[in-house]
1. Using beta carbons and a limit of 8 Å, which pairs, at least six apart or on different chains, have the first residue in segment 85-109 and surrounded by fewer than 11 Cβ atoms within 10 Å (Cβ to Cβ) and the second one in a helix (DSSP H, G or I)?
2. How about segment 137-154: which of its residues are in contact (Cβ under 8 Å) with a residue 40 or more places away in the chain and either over 15 Å from Thr44 (Cα atoms) or not in a helix (DSSP H, G or I) (or both)?
3. Quickly run through segment 155-178 and pick out the residues that are among the hydroxyl-bearing types (Ser, Thr, Tyr), surrounded by fewer than 17 Cβ atoms within 10 Å (Cβ to Cβ) and in contact (Cβ under 8 Å) with a residue 24 or more places away in the chain.
Amino acid sequence: MMKKIFDFDGGLMNFFARIADLCLLNILFILTCIPMVTIGPALTALYSLTLRMVRNEDSYVLKSYFVAFKENFKISFVSWLILLGVLVVSIVDYRISLLLITGAGTFLSIISLILIFLCFVVALYLFPYIARFENTLKYSFKSAIFMAIASIPYTLLLIAITGFFVVFFVFLLPIQYTILAGLLFGFAFLAYVQALIFKKVFVKYEPERGEKVEE
């Protein structure tokens, strides 16, 4: 029994191999996020790898990451700029609304907060969608919105899990542990947990298993 556990292909060795892959993936994600404008392609590559992991479609992390980063660069880059633009405008509008004491200020603040929340939800689905399906920019946005609405229970679960990670690592852990966790595995582990949920969401839209699916 013990021999099987510690066997090269055993459960314990596979567990440690997965942890090592997630750590490497996390480092690659952070490095490719540094220019800031490349966060979109980095997110897509991150989800591309974690979606393969939860499907047991193992691949070389280093090579596969940069292949996914390059293949999806254009659509992910433009998607990120669009979301970032809407987010920045919404945040500016919200800050302006706080200076207004009329009903218009309250209305503007509500609209701004709704737009900020929608940006988060769309981003939550958009980059995993781009990682898994091949489509145009317009259709990718429409599909991400459709899936978020059509899979409300999973969407709420994704929001709750992401919110828990943010609260736990940012507000509950000491800052030194938060930085350490973020550098070692935090982003990749969160994406892996999310990928387990996206696997259930995407299966309805995948006629066949493959690297990418055209819709």
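Only the coordinates and a few stated rules stand behind these numbers; no lab work does. Note that this is a predicted model, so its numbers are computed, not measured. Backbone-built Cβ (ideal geometry, glycine too); neighbour counts: all protein chains shown.
1. Leu99/Gly105
2. So in segment 137-154, the residues in contact (Cβ under 8 Å) with a residue 40 or more places away in the chain come out as 137, 139-141, 143, 147, 151, 154.
Correct list: Tyr139, Ser143, Met147, Ser151, Tyr154.
3. Applying the first criterion (among the hydroxyl-bearing types (Ser, Thr, Tyr)) to segment 155-178 yields 155, 162, 177-178.
Subset that is surrounded by fewer than 17 Cβ atoms within 10 Å (Cβ to Cβ): 162, 177-178.
If the condition is that a residue be among the hydroxyl-bearing types (Ser, Thr, Tyr), surrounded by fewer than 17 Cβ atoms within 10 Å (Cβ to Cβ) and in contact (Cβ under 8 Å) with a residue 24 or more places away in the chain, then Thr162 is the only one that fits.
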